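Q: What follows is a single structure, and I will ask about it in a moment.
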Protein chains: 2
Amino acid sequence: MGGEFALIARHFTWPTRATDLGVGDDAALVSVAPGMQLAVSTDLLVGGTHFLPQTDPRRLGHKSLAVNLSDMAAMGATPRWATLALALPSADDRWVAEFSRGMHDLADAFATDLIGGDTTRGPLAICVTIFGEVPAGEALRRDGARLGDDVWVSGTLGDAAAGLACLASRAAADAAGRSLRAQLGEAAFDRCRERLEAPQPRVALGLALRGIAHSAIDVSDGFAADLGHVLDRSGVGARVEVARLPVSPALAGHIDHPVVRDAIVAGGDDYELCFTAPESFRARVEAAGQASGVPVTRVGTVVGGRGLSLVDAGGRAVVPARAGFDHFG
Amino acid sequence: MGGEFALIARHFTWPTRATDLGVGDDAALVSVAPGMQLAVSTDLLVGGTHFLPQTDPRRLGHKSLAVNLSDMAAMGATPRWATLALALPSADDRWVAEFSRGMHDLADAFATDLIGGDTTRGPLAICVTIFGEVPAGEALRRDGARLGDDVWVSGTLGDAAAGLACLASRAAADAAGRSLRAQLGEAAFDRCRERLEAPQPRVALGLALRGIAHSAIDVSDGFAADLGHVLDRSGVGARVEVARLPVSPALAGHIDHPVVRDAIVAGGDDYELCFTAPESFRARVEAAGQASGVPVTRVGTVVGGRGLSLVDAGGRAVVPARAGFDHFG
């Protein structure tokens, strides 16, 4: 009919794999397999708050879905379906085409059907809701950490936040970000920027950790804050040695820079998995990492009490500059 | 942890009825009953586009869920679960409390669990995704209208659009809206405004129409546009007599006003059901309306060809002023 429908039809009607009724009716229809629980998560990304205005639309399409796929990874759920609601300042065909391509390519890689959407005029906002399947009772939850569990983290931390600090320093009068940008050089900066703008959700690792991990979360607000959520929900504490937190080659030579130090512990947007597992499963955790192509690093231990203790190699307390990214902080 | 989490926890953690794991993890977990399809719909409401800035937050909370419940009604699905993603310019506790109350009361009335959410800073935007259950193969779809079907509509049309025209005329230099406001008087205007700001989704009617209606849609973009979607998807046409379109007591004395005439045929936000059913089921359709407490009116017939023909009592073509609300029109 009108422009709205034409825009959706042109860019967001992709072939589906396992959808009974897709885009174009009052609702989509899907069938959840017997014995499966449906895992549901929703994320809203807003221009200026979650991404910089100049962000490449293709990467933005990728990231909008990636953050939701990451939630499925953190639950040990297989992503199956997603909906997209999009507010756009104008019906910019080229922008929408690029955004759609970025989202489509990632959806395709994870066999996730886009089953519904809504497009409207307004300040740029992207709301993706994702649905996955997990065998009943097997989801990786935040509330399952137990005393004595090892604390693990996948991949590397801090790259995205370091990239953001460099990018943001262009606009703001941010001497620390500018100095980091100069120190990193072009290749390392590009790598950090890619981690920020095109994160790779750890879905295969999440699936491989079912039956092994006691608890899991994805690192979106920052390692310290997100592990803190697990500890809160589980009613336990943890002791983590900061020097063991995994760092990428891009940042390895720069961990004394204050921006990098902060990014590793408390930077957001890593989309790695932080999880706990019993000591007896160390070999199985390592095997899960290898099988899914993502390194996993043991960084600490679940202990009694409450909250996260960050310590240096000598066991002395380390206080991070900030406790994580808070949208209303 | 931070303010974001406190805000969600304080206002959006309601008791759930049928949810395995609710707000607070990376994803919610629910179980879809065997033999049921999951119906999924998402809507994004943006300040300035979908509602006026001064809208009462309690009514806005109601409406944000109501438009999604209406999609479930149009599918003949029982609403079960919903997620909410909310972008707010500031963490205004009173506003959020009122918004939450409006949404909660409607969710409670329809036994719908709020299972997840996301809250962030940004220009006001509200994204609700809703999930319902429908017995496999029994959903009311847009593509099922058949030659000879009666065309029906529930409740009354045009009230919401007339109310919006009156309200919008306060800000804009809109002589037609102002003249309607003066003509309607206080009581009728309040009734129209309530239809606009606090629509009642026709869930019971949708459920009662399973096995009776061949096709259905909810009237959100305007009667002509929405029936047009059904005709497009079904590959048929329809002939509708404009004088038979149901009008509320509030508007009954004013159908010659140009704003009202346009609102009935093409105004949006009615959230009534428009559906088609075979002639042989007239008594069953009437009974479904009675059982669900919503009047139903037979307004036309599905015919060959394509598109909607609007005719007057003498069978002459009537051309509406606009074909429906198009967010990118």
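Q: Quick one: if the Förster radius is 56 Å, what FRET efficiency do A:Ala182 and B:Asp108 give, using the C-beta to C-beta distance and rounding to 0.05?
A: With a Förster radius of 56 Å, E is 0.50.
Q: Across peptide A:68-80, how many C-beta atoms of other chains are within 10 Å of each residue C-beta, on average? The partial results should precede the final answer.
A: Numbers: counts 2, 0, 1, 4, 2, 1, 3, 6, 2, 3, 0, 0, 0.
That works out to 2 on average.
Q: What whole-number value in Å² describes the accessible area per residue of chain A for a 1.4 Å probe?
A: Here the per-residue accessible area is 36 Å².
Q: Further question on the same structure: Across the stretch A:247-264, in residue order, what do the Karplus-derived ³J(HN,Hα) couplings come to in whole Hz, using 6.51 cos²θ - 1.76 cosθ + 1.60 with θ = phi - 60° and x for Gly and Pro?
A: Computed from phi, the couplings for the stretch A:247-264 are 10, 6, x, 4, 9, 4, x, 10, 6, 8, 5, x, 5, 5, 4, 5, 4, 5 Hz.
Q: Could you work out how far helix B:159-171 tilts from the main Cα principal axis of chain B, as a 0 to 90 degree angle to the nearest 10?
A: Approximately 70 degrees, to the nearest 10.
Q: Could I ask something else about it? How big is the stretch B:47-97 along each principal axis, measuring the range of its Cα positions in Å and listing the largest first?
A: 37, 20, 16
Q: For a quick check: with amide H placed at 1.01 Å from N, whose amide H comes under 5 Å from B:Ala27's, ignoring anything fewer than 5 positions away on the same chain?
A: none
Q: So how strong a dipole does the stretch A:183-298 carry about its Cα centre when Lys and Arg Cβ are +1 and Asp and Glu Cβ are -1, to the nearest 20 debye?
A: That gives the stretch A:183-298 a dipole magnitude of about 500 debye.
Q: For label points placed 7 Å from Cα toward Cβ, what is the shortest-first list of nm distances from B:Ala291 to its copies?
A: 5.0
Q: I've got another one for you. Take the Cα radius of gyration of the stretch B:99-214 and divide it by 2.2 N^0.38 Å, with N its residue count; two decimals is plenty.
A: Normalised Cα radius of gyration, the stretch B:99-214: 1.41.
Q: On to the next question. At 0.36 nm per residue, and after removing the present C-alpha to C-alpha distance, how many nm does the segment from A:Glu279 to A:Ser90 gain when stretched out fully?
A: Additional length available on full extension: 62.7 nm.
Q: Moving on to the next point. I'd like the distance between the alpha-carbon centres of the stretch B:44-77 and the stretch B:128-202, rounded to an integer number of Å.
A: A separation of 12 Å, based on Cα centres.
Q: Quick check on the protein assembly as shown: helices-only [θ] at 222 nm, where DSSP H runs of length 4 and up contribute -39,500 (n - 2.57) each and the sum goes over total residues. Nearest 500, please.
A: -11500 deg cm²/dmol
Q: Could you tell me the accessible area of A:Thr297 in Å² (1.4 Å probe, neighbours in place), rounded to the nearest ten?
A: 40
Q: If a cysteine in the protein assembly as shown has no other Cys Cβ under 4.7 Å from its own Cβ, put it on the list, ordered by number.
A: Within the protein assembly as shown, the cysteines lacking a partner Cβ under 4.7 Å are A:Cys166, A:Cys192, A:Cys274, B:Cys166, B:Cys192, B:Cys274.
Q: Quick one: helix A:57-75 against the long Cα principal axis of chain A, what's the angle to the nearest 10°, folded into 0 to 90?
A: The answer is roughly 60 degrees.
Q: Tabulate in residue order the Karplus-calculated ³J(HN,Hα) for the stretch A:128-137, using 6.51 cos²θ - 1.76 cosθ + 1.60 with θ = phi - 60°, rounded to whole Hz; enter x for Gly and Pro.
A: Calculated HN-Hα couplings, in order: 10, 10, 10, 10, x, 10, 9, x, 3, x Hz.
Q: If chain B were replaced by its equivalent ellipsoid, with semi-axes equal to the square roots of 5 times the Cα gyration tensor eigenvalues, what would those be, largest first, whole Å?
A: On the way: eigenvalues 221, 138, 45 Å².
Working from the Cα gyration tensor, I get semi-axes of 33, 26, 15 Å.
Q: Quick one: with label points 7 Å out along Cα→Cβ, list the inter-copy distances for A:Arg17 in nm, shortest first?
A: Label point to label point, same position, other copies: 3.5 nm.
Q: Using +1 at the C-beta of Lys and Arg and -1 at the C-beta of Asp and Glu, which of A:Leu245, A:Leu207, A:Gly315 has the Cα lying farthest in the positive direction of the dipole of the stretch A:181-329?
A: In the stretch A:181-329, that residue is A:Gly315.
Q: Return the residues of the stretch B:137-162 for which accessible area with all protein chains present is lower than in the chain on its own by 40 Å² or more; set the probe to 1.4 Å and exclude ligands, DNA and RNA.
A: In the stretch B:137-162, residues shielded by partner chains: B:Arg141, B:Arg142.
Q: Please report the antiparallel percentage of the DSSP beta bridges confined to chain A, to the nearest 5.
A: The answer is about 70 percent antiparallel.
Q: Name the residue from B:Ala175, B:Ala162, B:Val151 whose Cα lies farthest towards the positive end of the charge dipole of the stretch B:146-187, charges +1 on Cβ of Lys and Arg and -1 on Cβ of Asp and Glu.
A: Going by the charge dipole, the pick is B:Ala175.
Q: I would also like to ask the following. What angle do you read, to the nearest 10 degrees and between 0 and 90, between the alpha-carbon axis of helix B:223-234 and the longest principal axis of chain B?
A: The angle comes out at about 90 degrees.
Q: Roughly how many debye, to the nearest 20, is the charge dipole of the stretch B:1-137 about its Cα centre, given +1 on each Lys and Arg Cβ, -1 on each Asp and Glu Cβ, and no other charges? Write down the numbers at each step before the final one.
A: Values: 9 positive and 15 negative charges, 59 e Å.
The calculated dipole for the stretch B:1-137 is roughly 280 debye.
Q: Give me the summed buried accessible area for the A-B pair, 1.4 Å probe, to the nearest 100 Å².
A: Approximately 5600 Å² gets buried when A meets B.
Q: Something else about it: Placing the label point 7 Å from Cα along the Cα-to-Cβ direction, what are the distances from B:Asp108 to the equivalent spots in the other copies, shortest first, in nm to one decimal?
A: Here B:Asp108 shows inter-copy label distances of 4.9 nm.
Q: May I ask for the net charge around A:Val247, where only other residues with Cβ less than 11 Å from the Cβ of A:Val247 are counted and Lys, Arg are +1 while Asp, Glu are -1?
A: Net local charge, A:Val247 excluded: +1.
Q: Starting from the 7 Å offset along Cα-to-Cβ, what nm value, one decimal, do you get for the label separation of A:Arg239 and B:Gln290?
A: Computed distance between label sites A:Arg239 and B:Gln290 equals 7.6 nm.
Q: When DSSP assigns beta bridges and you keep just the ones with both residues in the protein assembly as shown, what percent turn out antiparallel, to the nearest 5?
A: The answer is about 75 percent antiparallel.
Q: In peptide A:113-124, what is the residue-averaged number of other protein chain Cβ atoms found within 10 Å of each Cβ?
A: So the per-residue partner count for this stretch is 6.
Q: How are the C-alpha pair distances of the stretch B:164-289 spread across 10 Å bins, as whole percents from the shortest bin up?
A: 11, 38, 32, 15, 3
Q: If you don't mind, there's one more thing I want to ask. Using the Cα centre of the protein assembly as shown as the reference point, and only Cβ charges (+1 on K/R, -1 on D/E), how large is the resulting charge dipole? Debye, rounded to the nearest 20.
A: 80
Q: At a threshold of 8 angstrom on Cα-Cα distance, excluding pairs fewer than six apart, so keeping six or more, what relative contact order does chain B reach in percent?
A: Numbers: 756 pairs, mean separation 73.6, N = 329.
Over chain B, the number comes to 22 percent.
Q: For the protein assembly as shown, give the percent of accessible area contributed by carbon and sulfur heavy atoms, probe 1.4 Å, rounded to a whole number. Could you put the intermediate results ahead of the total?
A: On the way: 12460 of 23890 Å².
Carbon and sulfur together cover 52 percent of it.
Q: Also: For the protein assembly as shown, just the Cα set please: Rg and Dmax, both in angstrom.
A: Calculated on Cα positions, Rg and Dmax stand at 26.4, 93 Å.
Q: Within the set of other residues whose C-beta is less than 11 Å from the C-beta of A:Thr156, count the net charge using Lys and Arg as +1 and Asp and Glu as -1.
A: Details: positive: A:Arg191, A:Arg195; negative: A:Asp159, A:Asp270, A:Glu272.
Taking every other residue near A:Thr156 into account, the sum is -1.
The values are calculated or read from the model by the stated rules, or taken from the named source; none is laboratory data. This structure is a prediction, so every number in the text was calculated from the model and none was measured. Cβ: placed from backbone, ideal geometry, glycine included. Neighbour counts: every protein chain shown. Please note that ligands, DNA and RNA were not included when accessible areas were found on the heavy atoms of the full protein model with its side chains. Shrake-Rupley method; radii C 1.70, N 1.55, O 1.52, S 1.80 Å.
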